[in-house]
Amino acid sequence: MEEKKEFEIVTHTVMNYLEIFVVEMTSRCPHGHDDLEIGILLKGALCLFMDGKEYKLREGDIYIINRFQIHSFSSAGEKNLVLAFQVHSDFYRRICYQLNFLHFDNPVMQTGNLYEQTRDMLVSCASFYFSALPFREVKCAGLMLEALYLILSGADCSFRNEKEYMSAQNNTLRLNRITGYIAEHYKEKLSLNEIARLENITVCHASHFIRKMLGISFQEYLNNIRFDRALGYVRDSDLSILDICMETGFSSSRYLNRMFMEKFGMTVKEYRKSGNRPEPSRPVLPAENIQKRYDFEMSSFLLRQWR
């Protein structure tokens, strides 16, 4: 699947400033966007990585991602469906400018009266969005505002000042450039020096920035990308170990075998011969964009099936 350089531009196709869709998520590499994102996990399980933490989402959970908040998703080993709401800031900041700097402090809602009310309001909003009723946009907008009011009234939230907001925006843009560059050049002999030159910052600054934004070091992130690509070749091709190393940027089979030992407790050759191939022993920050976003008609059908 084609990889994107991330600063995600969300296209609002049905309503101005509001996009609702159903998506099956396998992996989504670290990225950020200008829209507030709210999602309901309709089916399965999903891992959300954000602010250096991993949140394990189960069926019915609601997640909230702030504007310019770096996040990524990874499948938890089973198929999933997510009902996603992407809300442009113009949807609410024209009503209350302060909401432009809104920051929800708790990214996951799972139980309680507030959770149930918010979930029901969001599902009703999506039902109108996918309907053919006249003036459904007006009803949908009202329900979304009501859902936001519920969350604001009962959830932990704060407000950033303009300086903090601009810093978050700039950090998002910088990280998207860095991860996009790594995704394009991971096969090459890539160093932190090159990333620092790309951003016109010191190596020390680049190192601290990547660790702060991703929760892991530059080398760990690069190795994760290479390992993900290599694992795909090991599972789905007959390429030799040497050829796999050449295709994925590992300088020798020794380094690839070391990562397989760390994650599986076995070498590449042993993994290939294993009849019951294990999954990685610890979560790996997603390095690819693999997702299936359903069109309007199918999203409507899947939502009706879930309800």
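The values are calculated or read from the model by the stated rules, or taken from the named source; none is laboratory data. No experiment lies behind these values; they were computed from the predicted model shown. Positions of Cβ are backbone-derived with ideal geometry, glycine not excepted, and every protein chain shown enters the neighbour counts. Note: accessible area is taken over every heavy atom of the protein model, side chains too, but ligands, DNA and RNA are not part of it. Shrake-Rupley method; radii C 1.70, N 1.55, O 1.52, S 1.80 Å.
Exposed (fewer than 12 other Cβ atoms within 10 Å of the Cβ) and over 15 Å from residue 86 (Cα atoms): does that describe residue 156?
Yes: the conditions hold for residue 156.
Out of all the residues in segment 68-86, is one or more more than 30 Å from residue 221 (Cα to Cα), open to solvent by less than 30 Å² (accessible area, probe 1.4 Å) and in contact with a Phe, Trp or Tyr (Cβ under 9 Å, 6 or more places away or on another chain)?
no
What pairs can you find where one residue is in segment 273-293 and over 16 Å from residue 235 (Cβ atoms) and modelled with pLDDT of 70 or more, the other is in a loop (DSSP other than H, G, I, E, B) and open to solvent by 80 Å² or more (accessible area, probe 1.4 Å), and their Cβ atoms are less than 9 Å apart, with a gap of 6+ or different chains?
289/1; 289/2; 289/4; 291/1
Identify all residues within segment 81-110 that are assigned to a strand (DSSP E or B), in contact (Cβ under 8 Å) with a residue 60 or more places away in the chain and not aliphatic (A, V, I, L, M); write none if there are none.
85, 86
Filter segment 270-287 down to residues that are touching a Phe, Trp or Tyr at 6+ places or on another chain (Cβ under 9 Å) and part of a helix (DSSP H, G or I) and give me whichever is surrounded by the most Cβ atoms within 10 Å (Cβ to Cβ).
271
Restricting attention to segment 34-62, which residues are under 16 Å from residue 116 (Cβ atoms) and out of contact with any Lys or Arg (no Cβ under 9 Å at 6 or more places or on another chain)?
Selection gives 38, 42, 58, 61.
Among the residues of segment 176-202 satisfying the criterion of being part of a loop (DSSP other than H, G, I, E, B) and of a type in the set (A, V, I, L, M), which is surrounded by the fewest Cβ atoms within 10 Å (Cβ to Cβ)?
Only one residue tops the list, namely 201.
Name every residue in segment 225-254 that is part of a helix (DSSP H, G or I), open to solvent by 60 Å² or more (accessible area, probe 1.4 Å) and more than 24 Å from residue 180 (Cα to Cα), in order of residue number.
Residues satisfying the conditions are 235, 236, 242, 243, 254.
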